[in-house]
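Taken together, the values in this text are just the output of simple stated rules run on the coordinates, not laboratory data. Keep in mind the model is a prediction, meaning the values are calculated, not measured. Ideal geometry is used to build each Cβ from the backbone, glycine not excepted, and the neighbour counts take in all protein chains shown.
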Amino acid sequence: MTEIANVIAGKILEQLRSLINQELSSAWGVQSDLKKLESTMLAIKAVLFDAEEKEAGNHRLSLWLGQLKGVLNDAENVLDEFQYRVLQKEVMKRENFFDEFQYRVLQKEVVKRCRSTCKKVCYFFSVSNPFVLRFEMAHKIKGIRERVDDISALKAEFNLAAQLEVRNTTMHKRDMSHMSHFFVPPQIVIGRDDDKKQIINILMQQDADRIVSVIPIVGIGGLGKTTLAKLVYHDEGVVSHFQLRMWACVSEDFNVTTLIQEILKSANVALMRICA
């Protein structure tokens, strides 16, 4: 859950950096709301790493992260729409497609061609009307900014520590020793039994021609790929079947030497357990 929220938060911040200084942001009176939203998003993103560390076993924190994810999804959609309007305006300006008079003439012509009065009214007050569009867009941005403010204020209840997002402490590069020794109790994982059995069956297959097996587990961040791998790794049948098991986490900051050291360290720990 935290990984997904972090990814969305990163996308929103990228969008905001692009939109804040756009001419349309100032012209439509939304620049102030966008700057406030950016400030709040930076504060939220700063505590997500600590939230990930504390999420396990904290039901209230998990609920907050779920609510945060929903609000961030809505914020991303609103900013996507505004970004589209900015691009649309740039294209029209570049191509000299419309001036205000041409727009009015075209709008009246379209309205005249509408057969029903209802459709005429709907068209005039639709997003095709620049004044209505400006008002609706400003209202949406202000509304989502207030929702983000509200969900951000709740984070104070969890005493989350803000951490600088440096290369070595981001959620995209987790501490390998933490990943190596973290045990997932099977009883808290729901709905992965079939996937677990399928992977274990593949691992147990005797195939003399296949020396090394690679079983990929793919999906977006937060789906539980690592959790599933840990369930398989700690399964009693797997533990008894394989004399040596090694666990290593490959981070985004890929380093062959560090990775080999982690694998050897994991193997050493496993051998010590066997010999004990």
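In terms of distances greater than 22 angstrom between alpha carbons, the cross-link table entries 54/140; 196/225; 36/89 yield 54/140; 36/89.
Can you tell me which of 50-61, 32-43 comes out highest on packing, and rank the rest after it, using the mean Cβ neighbours within 10 Å? Numbers along the way, then the final one.
Values: 50-61: 14.8, 32-43: 17.5.
The densest-packed peptide leads the list: 32-43, 50-61.
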